[in-house]
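The structure appears right after this line, and notes come after that.
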Amino acid sequence: MEHNATTIPGPQPNGEHMRIAFLGPFGTFTEQAVRQIAPADAELLPMTSAPQALAAVRRGEADRAVVPIENSIEGGVNATLDSLSHGEPLVIVAEMVVSVVFQFAVRPGTRPEDIKRIGTHPHAWAQCRNWVEATFPGAVHVPATSTAAAAQLLAEGDAGFEAALCNDVSVQSYGLQAMHRDVADNPGAVTRFVLVSKPGVIPPATGADKTTIQVALPVNEAGALLKILEQFAARGVDLSRIESRPSGDGLGDYTFSIDIVGHIHEERVQAALVGLHRNSPEVRFIGSYARTDGVPARVLSGTSDEAFRNGRAWVASILGGGDGVSVPEGEAPGWPLR
C-alpha cells in the first residue's frame, strides 16, 4: 500500500514532508517498521535511542516517531514504555509488526577462534543468548544502542568486539559477512513497533483495535491492583498486555502499562476508563489505534454499545418519572444524566 501524509494517522505534518524519527541508524529493524507506513517522500530521521526519537516529536523536530514497544520473547521495551508514560503527552496512532531474524556478522577475514566479544542491542542478545553460549562458549555481550549501530561500529574497526548480531540489511549495508545466518533461540520471534505523534484526532474505531494506558496504583492500599483489574472485568474488557513499571517515586511504588482490547470510542472501554479514573491517582491515555493483525474484539453479552445505551436510557426513564420497567423508544439520552 502506498502511503502519503494525509493517510498517516495523527496530526498533519508541520512542513511539506512528513518527518519520522526512529531508532537508528539506518538498517535497524525499526527502519523496517518505518518502511511499512512511511510516505514515499517522508524524511527519515535516525536517532540513537527510542526516548530520543520520542523527544524529537515533543520538540517539534519530527512529526512522528517509530519505536519498538514489545517483543514476543522479551516482553515490553522499558525505554519506550517509560518515555511514553512521562513528560509531555504523546499518543500511539498505529502499530506495526516485524519478524526478527538475526545474522551473526563479522568483518571479512575473522575466524571463529577470534570471537570473544559480541556487540548488539540487549533485546537481541536476550533472544540469541543460548545459541551464542552453545556456539561461542565464554563470549561476552557488549551492549549497543541498536543492532545496526553494532554492525556499523564493527565495520568501522574500533568497536571493542569481534562480531555483531544484526539483520541482513545491516550486513549488506556495512560490508560485513554473515558467519552464521538466521540465529536465534526462538525462531519466529516478532517485535511490535508503534507510530507515535502529538495528541490530536484519535484514529477511528475499526472493530479490531487496542487502547494503551498507564495506570498508577494507590500507595499502601490493600487490594489496589484487584480494584484496578475489576474495572475491566466488570465491563467485559479484555487486556492483551499488562506490565508493571517502577514509578520512580520509591521502592514498592509501581505503575502499570496496559493494552486494552478495544477502542476508546466504545462504550465498555469508556466505562472502564471512568472506573479507573475514580480509583487511581493517575491514568494516562496513550492512544487508541487499529490492531495490525485485524483480530476483532470479542464483545460479551451485556457489554455492547447498545447495551450501555439502553441501560442509561432505562435510568433516564426512572429519573423522568417512568415506571422503571420499560425503556423509552428512540435514541438513548446523552451522558451524563441530568
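Please go through region 12-56 and write out the GluC sites (Glu not before Pro) that DSSP classes as loop and that have at most 16 other C-beta atoms within 10 Å.
Here the GluC sites (Glu not before Pro) that fit, given the DSSP loop and packing criteria, are GLU16.
May I ask you to rank TRP131, TRP125 by accessible area, largest first, using a 1.4 Å probe over the protein chains only?
Heavy-atom accessible area, descending, gives TRP131, TRP125.
Of all the accessible heavy-atom surface of region 117-268, with the other protein chains kept in place and a 1.4 Å probe, what percent is carbon and sulfur?
Looking at region 117-268 in its full context, I get 52 percent from C and S.
Determine the dipole magnitude for region 195-251: charges of +1 sit on the beta-carbon of Lys and Arg, -1 on that of Asp and Glu, nothing else is charged, the reference point is the Cα centre, and the result goes in debye to the nearest 20.
About 160 debye.
Have a look at ASP253, ASP114, ASP182 and tell me which one the Gaussian network model of the chain (Cα, springs below 10 Å) gives the largest fluctuation.
So, out of ASP253, ASP114, ASP182, the one fluctuating most is ASP114.
Quote to one decimal, in nm, the extra length available between ARG58 and ILE318 on full extension: 0.36 nm per residue of separation minus the C-alpha distance between them.
88.8 nm
What label, among [x] 15.9; [y] 25.6; [z] 21.4, belongs to mean projected area of the Cα convex hull in nm² computed from the structure on display?
Checked against the structure: label [z].
Rank GLN52, ILE318, PRO11 by how far each Cα sits towards the positive end of the charge dipole of the chain (+1 on Lys, Arg Cβ; -1 on Asp, Glu Cβ) and give me just the farthest.
ILE318
As a test of reading the structure, rank SER257, SER247 by solvent-accessible area (1.4 Å probe, protein chains only), most first.
SER247, SER257
Tell me, what is the per residue accessible area of region 143-233 in Å², probe radius 1.4 Å?
Spelled out: the 1.4 Å probe surface of region 143-233, per residue, equals 44 Å².
Once every DSSP H run of n ≥ 4 in the chain is given -39500 (n - 2.57) and the sum is divided by its residues, what mean residue ellipticity at 222 nm do you get, rounded to the nearest 500 deg cm²/dmol?
Using -39500 (n - 2.57) per qualifying helix, the result is -8500 deg cm²/dmol.
What dipole magnitude, in Debye to the nearest 20, does the chain give about its Cα centre under +1 on Lys/Arg Cβ and -1 on Asp/Glu Cβ?
It comes to approximately 240 debye.
Only loop residues by DSSP count here, and only those with at most 15 other Cβ atoms within 10 Å; note down the GluC sites (Glu not before Pro) in region 59-137 that meet that.
In loop regions of region 59-137 (DSSP not H, G, I, E or B), the sparsely surrounded GluC sites (Glu not before Pro) are GLU61.
The values are calculated or read from the model by the stated rules, or taken from the named source; none is laboratory data. Because the structure is a prediction, the values reported are computed rather than measured. We place every Cβ from the backbone using ideal geometry, glycine too, and count neighbours over all the protein chains shown. For accessibility, only protein heavy atoms count, side chains too; no ligands or nucleic acids. Shrake-Rupley method; radii C 1.70, N 1.55, O 1.52, S 1.80 Å.
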